[in-house]
Amino acid sequence: MITGKTKLLGVIGSPIAHSLSPIMHNAAIAHLGLDYVYLPFLVEPALLKQAIDGFAAIDLHGFNITIPHKQAILPLLTEISSIGQTIGAVNTVWRTENGWSATNTDVSGFLHPLSALKRDWSQTTAVVLGNGGAARAVVAGCIQLGCAAIQVVGRDAQKLEHFLHSWMASLAANVQIHTWANLPNLLPHADLLVNTTPIGMSPHIERSPLSAQDADHLAPNVIAYDLIYNPSPTMFLQQARDRGAIAIDGLEMLVQQGAAALEIWLQQPVSVDVMRRSLKQHLRLQ
Ligand code: NAP
């Protein structure tokens, strides 16, 4: 029940109607019996500053950020965690006495299912498909894992160069860039292959970033990780599974980055199980 004392949380983005965050956050809040509500806010890029000023005026407790604001919000913040600075993008913001503080929980979300595999990653070659916002969290995660090489594949040479240069300052970042034409040469050496492009996302479920020929180049023991969570499995994960790969979809990353954000706002543990179940139920009903 919403009362006069209910505290506000939310997520900003454009578009925002597709966001699953309200479902999992409100499920976890209800499970804890807390007087909070988590709402979606459609914020157009030109109105970002007004929205953030308005949030301060109405004493919004904290919020998530999705496309296209994860980088644009940086100048409006008073404090950015070191992981947020390394990635150059944040997804979780909270109010302090001095203004807004922020961090990025996508990296820990991405790493969670990989940590569960309990591997030594020091000899791992990671191949990352795409070089957009989520790819930044994935590369930061691969650096944290200590991967021997991180090969990033993109379609726009200028964006790729920009992406590469942004990592130069990161400690010992062994990042290299490639166009898609080089993918067949990279795939046989990939131990961890991550799709950060939206190719294969619902409703285009018949698509994959890998052609049938590409898929034939996959090593049998590759770990294939798709950040997409709808459908599950994607065509990409199905191709990898058919060749004996370990397949990881994007649902756990979504849940874990959300749980990490909620714990920052509430300053107490939250039920990852409740959040995961609420999403699975919602996706089944769609
Ligand atoms: P983004 O910033 O728009 O980046 C998308 C990347 O994919 C860009 O490098 C883009 O290339 C590339 N791309 C798009 N369409 C392509 C195509 N047809 N062929 C080749 N490359 C293509 O988006 P994002 O925020 O990184 O999100 C990417 C995906 O990750 C989405 O499916 C999103 O739902 C998913 N995601 C999942 C989670 C999770 O928690 N599971 C979290 C974040 C994101 P250009 O730059 O050249 O356009």
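The values are calculated or read from the model by the stated rules, or taken from the named source; none is laboratory data. None of the values given here were measured: they were computed from a predicted structure. Cβ atoms come from the backbone with ideal geometry, glycine included; neighbour counts cover every protein chain shown. Just so you know, the surface numbers come from the protein's heavy atoms only, side chains and all, with ligands and any DNA or RNA stripped out. Shrake-Rupley method; radii C 1.70, N 1.55, O 1.52, S 1.80 Å.
Treating each Cα of region 1-105 as an identical point scatterer and summing with the Debye formula, the log10 of I(q)/I(0) at q = 0.12, 0.13, 0.21 Å⁻¹ comes to -0.39, -0.45, -1.16. In this structure, Gln281 and His165 have a Cβ-Cβ separation that, at R0 = 41 Å, corresponds to a calculated FRET efficiency of about 0.40. Kirkwood analysis of the chain, using all unique Cα-Cα pairs, places the hydrodynamic radius at 19.7 Å.
Restricting attention to region 30-185, close to 40% of DSSP beta bridges with both partner residues there are antiparallel. For the chain, leaving out every one of the GluC sites (Glu not before Pro) that falls in a DSSP loop and has at most 14 other Cβ atoms within 10 Å, the longest unbroken run is 98-205.
In the elastic network of the chain, a GNM with C-alpha springs shorter than 10 Å, the most mobile of Met168, Met235, Met201 is Met168. In percent, how large is the relative contact order of region 108-249, given Cα pairs closer than 8 Å and 6 or more residues apart? Relative contact order comes out at 21 percent.
Taking 37 °C and 0.692 mPa s as conditions, region 108-249 diffuses translationally at an estimated 219 µm²/s according to Stokes-Einstein applied to its Kirkwood radius (Cα pairs). A 1.4 Å probe run over region 108-249, with the rest of the protein chains in place, finds 47 Å² accessible per residue. Taking a straight Cα-Cα cut-off under 15 Å and skipping sequence neighbours fewer than 8 places away in the same chain, the aspartates and glutamates within cross-link reach of Lys70 are Glu44, Glu79, Asp106. The portion of the accessible surface of the chain made up by carbon and sulfur, rounded to a whole percent, is 55 (1.4 Å probe; DNA, RNA and ligands excluded). Straight-line reach from Lys280: taking Cα to Cα under 19 Å and skipping same-chain neighbours fewer than 8 places apart, the aspartates and glutamates in range are Asp226, Asp249, Glu252. Candidates Gly258, Asn91, Ser122 compared by Cα position along the dipole of the chain: farthest toward the positive end lies Gly258, with charges placed on Cβ.
Within the chain, DSSP assigns beta bridges of which about 20% are antiparallel (rounded to the nearest 5).
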